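Down below is the structure, laid out as structure tokens.
Here, each number is a calculation from the coordinates, and none is a lab measurement. Note that the coordinates shown come from a computational prediction; the quantities given were computed from them, not determined experimentally. Neighbour counts run over all protein chains shown; Cβ positions are idealised from the backbone, glycine included.
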Amino acid sequence: MKVTSTFATLALLAVSGGAFAQGKVCAVEIGGGDNMQFDKKEIAVAADCTEVQVTLKHTGTLPAQAMGHNWVLTKTADLTPVATDGMGAGFANNHVKPGDARVIAFTKVVGGGQTTSVKFPTSKLKEGEAYSFFCSFPGHYSIMRGTFKFG
Ligand SMILES: [Cu+2]
């Protein structure tokens, strides 16, 4: 309970944007290569982070249309349906269904040598909830996935 109340205080300060606001942006880096794998199986974000900045680097050389990768965050329970919808959403939508409320954060699809990032507030997350990250490029999510822990 102590951790939760500290987090709530920080979140309030961040939202108020006042002179005493102390937002803490926590940076996470992850790579994905031509071998269709992320270089991390788990990402953990501490409860005192007010925002998360995820940077995805495609460490391979293949073009985005052939071996594109993105980084998508959902509740673990939403992973498969979101990935399935993403397949149909098409490359132009970064393989994420437009306006999908189950998607907490996502990056665009990148190809070899490219880097992209996304920043989102941890107010979208709940401590104790089971989250997963994955790549929604068609055919990738069953391998390119990992656990996302908050708190
Ligand atoms: Cu991928």
Out of the stretch 65-78, which residues are surrounded by 16 or more Cβ atoms within 10 Å (Cβ to Cβ) and touching a helix residue (DSSP H, G or I) at 6+ places or on another chain (Cβ under 8 Å)? Gly68, Val72, Thr74
Output yes when any residue across the stretch 53-63 is touching a residue at least 24 places away in the same chain (Cβ under 8 Å), of a type in the set (A, V, I, L, M, F, W, C) and more than 16 Å from the ligand (Cβ to nearest atom), and no when none is. no
When you scan the stretch 67-83, do you find a residue that is more than 30 Å from Gly23 (Cα to Cα) and more than 16 Å from the ligand (Cβ to nearest atom), even just one? yes
Suppose we keep only residues that are small (Gly, Ala, Ser) and away from the ligand (no atom under 16 Å from the Cβ) within the stretch 118-151. Which one would you say is surrounded by the fewest Cβ atoms within 10 Å (Cβ to Cβ)? Gly128
Identify, please: which residue in the stretch 37-53 is out of contact with any Cys (no Cβ under 8 Å at 6 or more places or on another chain) and assigned to a loop (DSSP other than H, G, I, E, B) and is, among those, surrounded by the most Cβ atoms within 10 Å (Cβ to Cβ)? Thr50
Among the residues of the stretch 88-115 satisfying the criterion of being within 22 Å of Gly23 (Cβ to Cβ) and not in a loop (DSSP other than H, G, I, E, B), which is nearest to the ligand (Cβ to nearest atom)? Phe106
From the options Arg145, Arg102, residue that is within 14 Å of Gly32 (Cβ to Cβ) and touching a residue at least 24 places away in the same chain (Cβ under 8 Å): Arg145
